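Structure first, then comments.
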Amino acid sequence: MAVYRPHQLPKVSLLDIMDVNLNSLYPFRHSWATIKPQAEPIVPVTSPVDAQFTVNDWRLQVLRACCQIRRENEALEKARALVYARLDKRETTPAEPGPQDVTLTDEMLARAVAALKAPRNQVLSEMLRLEITRNDLETLTGLNWLNDNVINFYLTMVVERAKADPALPKVYAFNTFFVTTLEHKGYPGVRRWTKKIDLFSHDIVLVPVHLGMHWCMAVIDMRDSTIKYYDSMGMRNDRCLRDLLDYLTSEMKDKKKEVLDMNQWRLINVEGLPQQNNGSDCGMFACKYAEYAARDARLNFTQADMPYFRRRMIVELLDRRLMQAA
């Protein structure tokens with residue numbers, strides 16, 4: 001029986017190195033465990049005719065995949081171009097370091113170095129069912145992009161600090177997948193996330209926002225009825241602000257059977273923020289926006305403080321607590 005094979009593979013638009021880096025930084029978002037169930041089973045070829053149809057179907061699937069990859073590449077290119085266009089317009093003169101209120105001792109730095117030499121998947125810190133491995137810590141070195149694990153763990157420490165200090169505002173933090181789920185599934189998709197939480201009993205709610213290639217932070221302040229959006233690239237996100245206000249309206253109706261007066265709320269794209277001067281520190285800025293907001297502190301840090309904050313955060317993640325100024 002003749003075996004039919006395609007003579008030439010169609011040209012495939014390959015993902016570039018930026019996409020490979022993204023995939024390595026967020027492995028659990030694109031793991032084999034999530035991809036495998038979506039794969040189509042291989043159907044045995046029973047005849048030459050079936051073989052011809054199989055080849056044609058295969059060609060069509062490859063072409064569709066190529067088109068999808070090309071569309072994703074184009075979207076990433078547009079996002080990348082926007083980021084670098086804003087960076088090009090930014091003043092590039094290095095800023096003077098701001099106040100670094102906690103001194104990192106030689107012992108602290110030695111522990112950080114030792115942790116970065118551990119096996120890649122070794123769990124180095126655990127807190128409330130969250131884990132930090134060496135892979136996660138490495139996102140805090142150099143100019144790497146922070147991943148979800150680091151940001152979720154850090155925000156959990158911000159919440160735990162508030163619980164331990166009655167003088168601080170009462171804080172709640174959503175995880176990094178909240179906004180994405182809210183955008184794709186609406187309120188029903190996140191309704192059960194606060195099943196045991198009275199969101200309105202907190203002073204501040206921290207909402208990390210991931211835009212594919214960029215981290216931002218939204219802060220809901222129940223005390224003055226504001227939702228603020230913090231972006232280290234100075235970009236606005238009116239949609240996110242509206243989505244969060246709509247979420248609060250639905251949450252109030254569902255959990256408290258009351259109507260939220262939307263007219264009392266102010267939606268603010270915060271201006272005059274400390275800004276990043278590179279394409280790598282957005283996650284660090286987002287975390288520091290949250291940490292400062294959670295203690296009503298003035299944002300007095302700069303881009304020049306980021307290397308210090310990265311080293312400090314490694315130590316804090318290992319110790320499972322935020323450092324306090326003496």
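Scanning segment 297-323 for residues that are in contact (Cβ under 8 Å) with a residue 12 or more places away in the chain, part of a loop (DSSP other than H, G, I, E, B) and farther than 16 Å from Thr133 by Cα yields a total of 7. Taking the numbered list (1) over 12 Å from Leu317 (Cα atoms); (2) touching a helix residue (DSSP H, G or I) at 6+ places or on another chain (Cβ under 6 Å); (3) not polar (S, T, N, Q) in turn, Val150 passes all entries but (1).
Conditions tested, residue by residue: (1) modelled with pLDDT under 95; (2) touching a strand residue (DSSP E or B) at 6+ places or on another chain (Cβ under 6 Å); (3) under 22 Å from Met306 (Cβ atoms).
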residue: Arg111; (1), (2), (3): no, no, yes
residue: Ala114; (1), (2), (3): no, no, no
residue: Ser125; (1), (2), (3): no, yes, yes
residue: Glu131; (1), (2), (3): no, yes, no
residue: Asn135; (1), (2), (3): no, no, yes
residue: Val150; (1), (2), (3): no, no, yes
residue: Ala167; (1), (2), (3): no, no, no
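In segment 239-252, the residues that are within 12 Å of Val209 (Cα to Cα) form Cβ pairs under 7 Å with partners that are small (Gly, Ala, Ser), at six or more places apart or across chains, as follows: Cys240/Ala218; Leu244/Ala218. Within segment 107-132, residues that are in a helix (DSSP H, G or I) reach partners that are among the β-branched types (Val, Ile, Thr) and surrounded by 11 or more Cβ atoms within 10 Å (Cβ to Cβ) with beta carbons closer than 6 Å, at six or more positions or on different chains, in the pairs Met108/Val315; Ala112/Ile314; Ala112/Val315. Applying the selection to segment 299-309, what residues are in contact with a Lys or Arg (Cβ under 9 Å, 6 or more places away or on another chain) and buried (at least 17 other Cβ atoms within 10 Å of the Cβ)? Across segment 299-309, the qualifying residues are Phe301, Asp305, Met306, Phe309.
Name the single residue, out of those in segment 256-276 being outside any loop (DSSP other than H, G, I, E, B) and aliphatic (A, V, I, L, M), that is nearest to Phe200 (Cα to Cα). If we take residues in segment 256-276 being outside any loop (DSSP other than H, G, I, E, B) and aliphatic (A, V, I, L, M), then Met262 is nearest to Phe200 (Cα to Cα).
Can you name the residue in segment 86-103 that is assigned to a helix (DSSP H, G or I) and surrounded by 11 or more Cβ atoms within 10 Å (Cβ to Cβ) and, of all such residues, is modelled with the lowest pLDDT? Ranking the qualifying residues of segment 86-103, first place goes to Leu87.
Contact annotation: residue pairs with Cβ atoms under 6 Å, 6 or more positions apart or on different chains, pairing a residue in segment 62-77 that is in a helix (DSSP H, G or I) with a partner that is at pLDDT below 75 and surrounded by 13 or more Cβ atoms within 10 Å (Cβ to Cβ), are Cys66/Ser13; Ile69/Ser13; Arg70/Ser13. Taken together, the residues in segment 239-253 that are under 19 Å from Lys196 (Cα atoms) and not hydrophobic (A, V, I, L, M, F, W, C) amount to 5. In the condition set (1) without any contact (Cβ under 8 Å) to a residue 24 or more places away in the chain; (2) surrounded by fewer than 18 Cβ atoms within 10 Å (Cβ to Cβ); (3) under 22 Å from Lys196 (Cβ atoms), Lys256 is compliant with all but (1).
Yes or no, residue by residue, for (1) without any contact (Cβ under 8 Å) to a residue 40 or more places away in the chain; (2) outside the structural domain of Leu267 (by TED's automatic domain parsing); (3) part of a helix (DSSP H, G or I):
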residue	(1), (2), (3)
Tyr154	no, no, yes
Val158	no, no, yes
Arg161	no, no, yes
Thr180	yes, no, yes
Glu183	no, no, yes
Gly186	yes, no, yes
Lys196	yes, no, no
Leu206	no, no, no
Ala218	yes, no, no
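Count of segment 220-232 residues, restricted to those that are within 17 Å of Val179 (Cβ to Cβ) and in a loop (DSSP other than H, G, I, E, B), is 2.
Among the residues of segment 241-262, none qualifies, meaning not one is assigned by TED's automatic domain parsing to the domain that holds Thr302 and under 16 Å from the mean Cα position of the chain (by Cα).
The rows are residues; the columns are (1) surrounded by fewer than 18 Cβ atoms within 10 Å (Cβ to Cβ); (2) of a type outside the set (A, V, I, L, M).
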residue: Gly212; (1), (2): yes, yes
residue: Leu260; (1), (2): no, no
residue: Ile268; (1), (2): yes, no
residue: Glu271; (1), (2): yes, yes
residue: Cys282; (1), (2): no, yes
residue: Ala297; (1), (2): yes, no
residue: Leu317; (1), (2): no, no
residue: Arg321; (1), (2): yes, yes
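If you scan segment 294-308, which residues turn out to be within 18 Å of Pro208 (Cα to Cα) and in contact with a helix residue (DSSP H, G or I) (Cβ under 9 Å, 6 or more places away or on another chain)? Within segment 294-308, Ala294, Arg295, Leu299 qualify.
The values are calculated or read from the model by the stated rules, or taken from the named source; none is laboratory data. On a predicted model such as this, the values are computed, not experimentally measured, just so you know. Using ideal geometry, Cβ is built from the backbone for each residue, glycine included, and neighbour counts are taken over all protein chains shown.
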